[in-house]
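Derivation of every value follows stated rules applied to the coordinates shown; laboratory data play no part. This is a predicted model, so every value here is computed, not measured. Because the Cβ atoms are built from the backbone with ideal geometry, glycine has one as well, and the counts that use them run over all protein chains shown.
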Amino acid sequence: MNETKARYLNGFLGLLLFLALVAGAVWCGVTGASQETGSAANVLLVVAAVALALLALIALTSLTVVKPNEGKVLVFFGRYLGTALSAGFWFVVPFSEKKKVSLKVRNFNSQKLKVNDAEGNPIEIAAVVVFRVVDTAKAVFDVDDYESFVEIQSETAIRHIAARYPYDTLKEEDDSGITLRGNADEVAQELLKELQDRLTVAGVEVLETRLTHLAYSPEIAGAMLQRQQALAIVAARKKVVEGAVGMVEMALNQLQEKGIELDDERRAAMVNNLMVAMVSDRAATPVINTGTLYN
């Protein structure tokens, strides 16, 4: 099904026609009642009054109101006639079924879904989907309930995306892959693309998707927190060691430039003392050598 524009007239013309038919039915009824009962004029006027009243009821079924950002899908005895998209008061085909479809931008907040990421770790994930209907015919006829369809397909897409990427990657192993925590924008764009492919059949356009919740499941959250703390400590120690090696090298070079020569044993002792003083997580305690005691 593809959306087409329905044909309709100004509703006030239909309202005027309805009032004229009602007035005609009333006039015929009153005039017929004044005629002799059973006479040809009486019967003709009564029949005309009934016919005009029926036409007035038919005209009344043709009146409909379309609000802004709303569409009315017109179905005439099982046949799709088109969609009234212009806001206003309209006169449409009589006896047609008018199905209201909202064209407003709406949000869908998914529940917290528990899934396994690409590395098999259980995580909790949720997202918000911003969408709107762009084809009323597909939304009404191609799916049973487009709102329920959007919800189910959104949760399915979120589960699929979460299973494709790891929650986080060990930095010392790989820093080039996409992760759920480190590449939220890329994951959101991938989710939007997959959702759009799924929801096109329902005449729905996906405007934006964003992750609203992302965390490890409670049963492994403590262990993963310890791992992150360990990674942070290792990274900090690595920076400290790199800085200490550079400072020791700079100290030895300056001593050599100033003509202070050290033998291998004293050089090794100096390097050891400097490294211990700078790498240790506690303040170094100096030890003064006052000499050697001989018996």
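A few remarks follow.
- Here the Karplus relation 6.51 cos²θ - 1.76 cosθ + 1.60, evaluated at θ = phi - 60°, turns the backbone of segment 208-215 into coupling constants of 7, 9, 9, 6, 9, 8, 8, 7 Hz, with x for every Gly and Pro.
- Under the combined filter of DSSP loop state and at most 12 neighbouring Cβ atoms within 10 Å, segment 26-116 retains these GluC sites (Glu not before Pro): Glu36.
- Karplus (6.51, -1.76, 1.60) ³J(HN,Hα), θ = phi - 60°, over segment 100-117, in Hz, Gly and Pro reported as x: 7, 10, 7, 9, 6, 6, 10, 10, 10, 9, 6, 6, 6, 9, 9, 9, 9, 7
- Applying 1/(1 + (r/R0)^6) with R0 = 22 Å to the Cβ-Cβ distance of Asn42 and Leu19 gives a FRET efficiency near 0.30.
- Among 150-159, 99-108, the order from most to least packed when residues are scored by Cβ within 10 Å on average: 150-159, 99-108
- The Kirkwood radius of segment 9-102, taken over pairs of alpha-carbon atoms, gives through the Stokes-Einstein law at 37 °C and 0.692 mPa s a diffusion coefficient of 222 µm² s⁻¹.
- Shape category assigned to segment 94-177 from the gyration tensor of Cα positions, a/c cut at 1.5: prolate
- Neighbour-count ranking [beta-carbon atoms within 10 angstrom, fewest first] of Thr136, Thr179: Thr179, Thr136
- Placing dummy labels 7 Å off each Cα toward the beta-carbon, the span from Glu119 to His213 is 2.3 nm.
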